[in-house]
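The values are calculated or read from the model by the stated rules, or taken from the named source; none is laboratory data. All values derive from a computational prediction rather than experimental measurement. Don't worry about glycine lacking a Cβ; one is built from the backbone with ideal geometry, like all the others, and counts go over all protein chains shown. Each accessible area value is taken on the protein alone, full model and side chains, heavy atoms only, with ligands, DNA and RNA left out. Shrake-Rupley method; radii C 1.70, N 1.55, O 1.52, S 1.80 Å.
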Amino acid sequence: MMYIHSICSINALGMIDTHSPLPDLDNCPPSLDAQEPAYAQWIPPMQLRRMSKGLRMGLTAAKSAINDAGVTAADLSAITVGTAYGMLKDSESFLGNMVRQNESMLNPTAFIQSTHNTIAGAIALSIQCNVHNMTFVHKAQSFESALLDAELKLLQYPQQKVVIGGVDEKNDTLEWLLKGLRKDIQVGEGASFMVAGNTPDKSIAALKAYTQFKTNNKSVAAEKVQAIIQQYTHQPFLLVKNYSEAITLEHTPEQVDVHEVIGYNPTGSSMALILGIKYLQQMNMPVIVVNSCRAFWSVFELLPVTA
């Protein structure tokens, strides 16, 4: 059991944090561009002007979650981040400059910020936290790998807490490539972070378990999801789903479809999980979050925290 103490997500609905109300899913822009907040509270202006969108979102979401949890660097044992694409815009900028300038007189800023572990490192530097710092680049299960790593650190340091997140940004080149493969695809982006620990004190949700698997077979996916939600059919619960594939479930609980809000986003499971936590806060009942990106599936089981 992992207890979630605070959350923050910056996405197409805006900035959602621990204390903000559940957003209206109908207010999502059709482009699925992340609606960025005013960053002045979280990032000094001189640093902000040199940061790409993904870095701005990730650093702000992480610092907001840390602030809401009321923890300091001394309370943390790990910062783990999942990203499939890394800092796309900085990578593209650096590679473009290499070509235009014939690989000479290059500004190193874009290269430094193009690496996938830029966000995790920026979080640690910002809060002066010299702990286990890992970035996982595992396609559509990057966030799940970060979550597993955080869980292992909580087993090793049960009195400490961990910062976990998923970040991916989009750019014109990515959208052009993906829409060339599938015309109807809608590319999403965002940054979602949470602070988790082993104790229920001051927590907002309990992550009872999570399951991940890979399959292109809809029947197999339905069978695996059904086996999990079967445990909750004796009580009211909510199913939050982020998948485009039509899978048939024997038991049809109350459902919320967030796929049109998250879109095609390899770390969209982190955003779906935070939306699930917001529904749990509002409805105070078990919430099952089912996420799929291509053949990668994840199921998160959320429970209200009992006094």
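Things worth noting here:
Quick grid of which residues meet (1) touching a residue at least 12 places away in the same chain (Cβ under 8 Å); (2) touching a Ser or Thr at 6+ places or on another chain (Cβ under 6 Å):
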residue	(1), (2)
N217	no, no
T233	yes, no
Y243	yes, yes
N265	yes, no
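For every residue, the table says whether it meets (1) part of a strand (DSSP E or B); (2) of a type in the set (S, T, N, Q).
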{"position": "V81", "(1), (2)": "yes, no"}
{"position": "G96", "(1), (2)": "no, no"}
{"position": "S104", "(1), (2)": "no, yes"}
{"position": "F111", "(1), (2)": "no, no"}
{"position": "S114", "(1), (2)": "no, yes"}
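- Subset of region 134-147 [farther than 19 Å from C8 by Cβ, out of contact with any His (no Cβ under 8 Å at 6 or more places or on another chain) and not small (G, A, S)]: M134, F136, H138, K139, Q141
- Within region 71-118, considering residues that are open to solvent by less than 70 Å² (accessible area, probe 1.4 Å) and among the charged types (D, E, K, R), the one modelled with the lowest pLDDT: D90
- Count - residues of region 227-245 that are outside any strand (DSSP E or B) and either open to solvent by 80 Å² or more (accessible area, probe 1.4 Å) or within 25 Å of K278 (Cβ to Cβ) (or both): 13
- Residues in region 22-54 that are touching a helix residue (DSSP H, G or I) at 6+ places or on another chain (Cβ under 6 Å) and assigned to a helix (DSSP H, G or I): L25, Y39, L48.
- Pairs meeting the criteria (first residue in region 288-307 and over 25 Å from N216 (Cα atoms), second residue open to solvent by 10 Å² or more (accessible area, probe 1.4 Å) and among the hydroxyl-bearing types (S, T, Y), beta carbons under 7 Å, at least 6 apart or on different chains) are V305/Y3; V305/S203.
- Any hit, region 148-167, residues being part of a loop (DSSP other than H, G, I, E, B), of a type in the set (D, E, K, R) and either out of contact with any His (no Cβ under 9 Å at 6 or more places or on another chain) or open to solvent by 20 Å² or more (accessible area, probe 1.4 Å) (or both): no
- Applying the criterion of being part of a loop (DSSP other than H, G, I, E, B) and among the aliphatic types (A, V, I, L, M) to the residues of region 168-204, the residue that is nearest to the chain's Cα centre (by Cα) is I204.
- Residue list for region 53-81, restricted to those being aliphatic (A, V, I, L, M) and in contact with a strand residue (DSSP E or B) (Cβ under 8 Å, 6 or more places away or on another chain): M57, A61, A62, A65, I66, A69, V71, L76, A78, I79, V81
- Output for region 249-307, where each listed residue is crowded, with 20+ Cβ neighbours inside 10 Å and of a type in the set (D, E): E301
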